[in-house]
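Structure, as structure tokens:
What follows draws every value from the coordinates through simple rules; no lab data is involved. Treat the numbers as computed from the prediction; the structure is a model and nothing was measured. Every residue, glycine among them, receives a Cβ derived from its backbone with ideal geometry; neighbour counts consider all protein chains shown.
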Amino acid sequence: MVAKRLLPLLLALLLSACAPATPAQGTQDPELTLAATTYPVYLFACQVAGDVPDLRITLVVNQQLSCMHDYSLSITDMKVLEGADAILLSGAGLEDAMAPALEAAGRPQIDCSVGIRLLCSAHDHDHDHGHAEEEGEETDPHIWLDPRRACQMLDNLAQALGELDPVHAKQFSANAQAAQEEIMESYEQLKTQLAALSPRSLITFHDGFAYFAEAFDLDILEAIEEEAGSEASALEVKEILALLEAHRLPAIFTEVNGATATAQLIGREAGVTVAPLDLLMSSRESPLAGTDLYLSVLAANVSTIQEAYPCA
């Protein structure tokens, strides 16, 4: 009789062991996690998110670098992507080299460059740095260096976050609008600082400053895309020396994390200043965050050009 009474109990225990576990109430993680591929997108996304609860934004590429052309995602990077609910891309071709890895992560992708007018790469002189319209043209993906395009990126992020988290859509929109107002106010002030700049032409040792130049009414005469181990040719050096003399330029500009060997050589040969500009590709220790950090980098670039060039 005892055995008969125990049989239903044993059967119930066996069935409960095979059943899927049900989390206890309140133990489920409600957090929405977004992975931002680049530092500018990370800054803008954090600004749009503000203090919305249960929303976490992580940075994927957290290395000191000057470009993403040959960047290979690490195992740590892949874990960040796979642990996210969605991936925030800078877009405009910046992440092309990591496209297979992004696809392998199997997460929805949000392109922050949607609807933004793209420019030809600064070293593509055949198209006079104009609007990149034809398929196959090489475009400059560093869209955030133009404050007006940065505002469009904020719009794209606010819309995307609102779709992922509709409850806080109005807050995302309000955060984006406040950031845009701050950016445009600062932009007008920075333009005024460069209004009397003379000359207004630049030679850069990175091809990523086309948007910055357009935003501040500057002209990039030459952009040398130089990486360590692949310095500019003797012919390119000769051409740059000729441009410096013809346009009476007092300086040439590198990127803070880029190769500088040829630029330093030309600086010594021509007797001009070699000054670094910042693409904001790399994270940094700073008491500033979000839009404030972004604007501080723009202001630093403007100051660098002012100091290197005389004003009329």
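Rounded, prolate or oblate: which fits the range 241-289, taking a ≥ b ≥ c as square roots of the Cα gyration tensor eigenvalues, rounded meaning a/c under 1.5, else prolate when a/b beats b/c? Here the range 241-289 falls in the prolate category. Counted residue by residue at 0.36 nm each, then reduced by the alpha carbon distance between them, the extension gain from ASP54 to GLN264 reaches 70.8 nm. Could you state the number of Å between the C-alpha centres of the range 29-63 and the range 160-187? Answer, in whole Å: 14. The phi torsions of the range 183-200, fed into the Karplus equation with coefficients 6.51, -1.76 and 1.60 and a -60° offset, translate into couplings of 5, 5, 5, 5, 4, 4, 5, 5, 4, 5, 4, 9, 4, 9, 4, 8, x, 10 Hz, rounded to whole numbers, with Gly and Pro shown as x. Residues whose amide H falls under 5 Å from that of ASP111, counting only those 5 or more places apart or on a different chain, are LEU89, with hydrogens built in the peptide plane. The string of couplings for the range 149-157 from the Karplus curve (6.51, -1.76, 1.60, θ = phi - 60°) is 6, 4, 5, 5, 4, 4, 4, 4, 5 Hz, one whole number per residue in order, with x for Gly and Pro.
Compute the relative contact order of the range 183-312 as a whole-number percentage, counting only Cα pairs closer than 8 Å that sit 6 or more residues apart in sequence. Kindly include the intermediate steps, with their values, before the conclusion.
Details: 156 pairs, mean separation 38.7, N = 130.
The value is 30 percent.
For the range 197-258, rounded, prolate or oblate, judged on the Cα gyration tensor with a ≥ b ≥ c (square roots of eigenvalues), a/c < 1.5 rounded, else prolate if a/b > b/c? Because a/c hits 1.5 or more and a/b fails to exceed b/c, the range 197-258 counts as oblate. Annotation: amide H-H contacts under 5 Å for ARG56 (H modelled 1.01 Å from N, sequence separation of 5 or more, or interchain): LEU32, THR33, LEU34. Protection proxy ranking of 276-284, 47-55, by the mean of other Cβ atoms within 10 Å over each peptide's residues and highest first, is 276-284, 47-55.
From the Cα gyration tensor of the range 184-312, with a ≥ b ≥ c the square roots of its eigenvalues, which class applies: rounded if a/c is under 1.5, or else prolate if a/b is larger than b/c, or else oblate? The partial results should precede the final answer.
Working: a/c = 2.25, a/b = 1.37, b/c = 1.65.
In terms of gyration-tensor shape, oblate.
If you take the beta carbon distance between ALA101 and SER282 as r and set R0 to 25 Å, what does 1/(1 + (r/R0)^6) give as a FRET efficiency, to the nearest 0.05? Once rounded, the FRET efficiency stands at 0.80.
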